[in-house]
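The values are calculated or read from the model by the stated rules, or taken from the named source; none is laboratory data. In this text the structure is predicted, and so the values were computed from the model without any measurement. Methodologically, a virtual Cβ is constructed for each residue, glycine included, from the backbone with ideal geometry; neighbour enumeration extends over all protein chains shown. Please note that ligands, DNA and RNA were not included when accessible areas were found on the heavy atoms of the full protein model with its side chains. Shrake-Rupley method; radii C 1.70, N 1.55, O 1.52, S 1.80 Å.
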Amino acid sequence: MYLRASGEAGSEDLVSAGTWGNAQADSVNAVGVYVDGQQGNDDKNALEYQVDYVKYYDKIVVTGLNGMNPYTLADIYAEDLADNGANPEEWGVVNNLENFFKFYSGLEIGDGTTATEFEASNEFIFLDHSSSAHKYDVTIRNNATVTLGVKNTTGVVEDYAQDGVQIVATENGLFQLTTPNKCSPAFTVESGGVLRIYAGLLQGFGTVNFGSGGTGIIETLFSDFYDNDIIEFRTTGLTVDACRYHTDSADKQDLGIFYNSPSSLNRITVFNCVDGLVFRISYNGANFVQTYRSLGGTTYDVGVLEAATVDLVDSTFDPDRIVRVT
């Protein structure tokens, strides 16, 4: 951003006319930031003169299908290139280096009504916040399906995951108005949304809300959930298999809370936290947690709502580190 100085009203035009001299400089009585004043100077080939407005993007919204196919990160980047004069470093909100995508905005998949599909594999998404004052949230709306990574079902051996996607939010923004603090954007799957994470990573988010409203399909397989403030498991369509939940050992926090009974919980590992996963519902009998393991570094390995019953089968944890919650 540049400052423009002027003397008498209307003399601003003398700058571009090339007649600004000592007389005009001597008559300067005010200096201010000139934003969107008259005709915009939007010549993208002359960035040093780009002073008349600033564009700021809150989020990228993806809706529908790309022909008959799901949208991809390459599609988003291509659209960004088309909109910014093929100069993403100075004008775009998405930068790309091979399979590394840096976002200067949030991402919203779907509009709540239009059937939408999005997929990514073997790619890295970095939400590069400027400040914690404005968060780059990720939202998956109703009637939207997001698939991150690849699941292989052989029919002979167990399912396995590959070509995962890592989604990481900036720890601290580049520009902070106050003492730096974690940006912690929200990651939300709304009621009716579908999210499948295979061999993936979610890191650095604030509230991760899986299935806000109680419905929707959330499938997580061989994935890590690291350094998020809290995870809310709210959908009955949740399946977890071979996933790890943990936080920074220097900044331990609670891991997550179950508010509705999930479909299946299998091979869960927790470590480096205050409270491990907390169950505010009963999950016993025909439904049970298979192989829940605490590797230590916890204040409590698992939490259970008072009067609720949870069956932990073939599990390893310290019985003295079970916390009763109210």
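Numbers for the structure displayed
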| read-out | value |
| --- | --- |
| Residue match in the range 118-132 (condition: at pLDDT 95 or above, closer than 16 Å to Lys182 by Cα and either of a type outside the set (Phe, Trp, Tyr) or buried (at least 21 other Cβ atoms within 10 Å of the Cβ) (or both)) | yes |
| Complete set of residues in the range 91-117 that are among the hydrophobic types (A, V, I, L, M, F, W, C), within 27 Å of Met68 (Cα to Cα) and open to solvent by 50 Å² or more (accessible area, probe 1.4 Å) | Leu97, Phe100, Ala115 |
| Selection from the range 119-151 of residues that are over 15 Å from the mean Cα position of the chain (by Cα) and either closer than 12 Å to Ser105 by Cα or not charged (D, E, K, R) (or both) | Ser121, Asn122, Ala133, Asn142, Asn143, Ala144, Thr145, Gly149, Val150 |
| Residues of the range 78-90 classified as at pLDDT below 75, open to solvent by 60 Å² or more (accessible area, probe 1.4 Å) and at negative phi, total | 2 |
| Entirely in the range 261-319, the strands (runs of 3 or more DSSP E) that have 3 or more residues that are modelled with pLDDT of 95 or more and not hydrophobic (A, V, I, L, M, F, W, C) | 264-271, 289-294, 298-300 |
| Qualifying residue in the range 295-302 (condition: open to solvent by 20 Å² or more (accessible area, probe 1.4 Å) and of a type in the set (Asp, Glu)) | no |
| Filter pass, Lys182 being out of contact with any Gly (no Cβ under 6 Å at 6 or more places or on another chain) and in contact (Cβ under 8 Å) with a residue 60 or more places away in the chain | no |
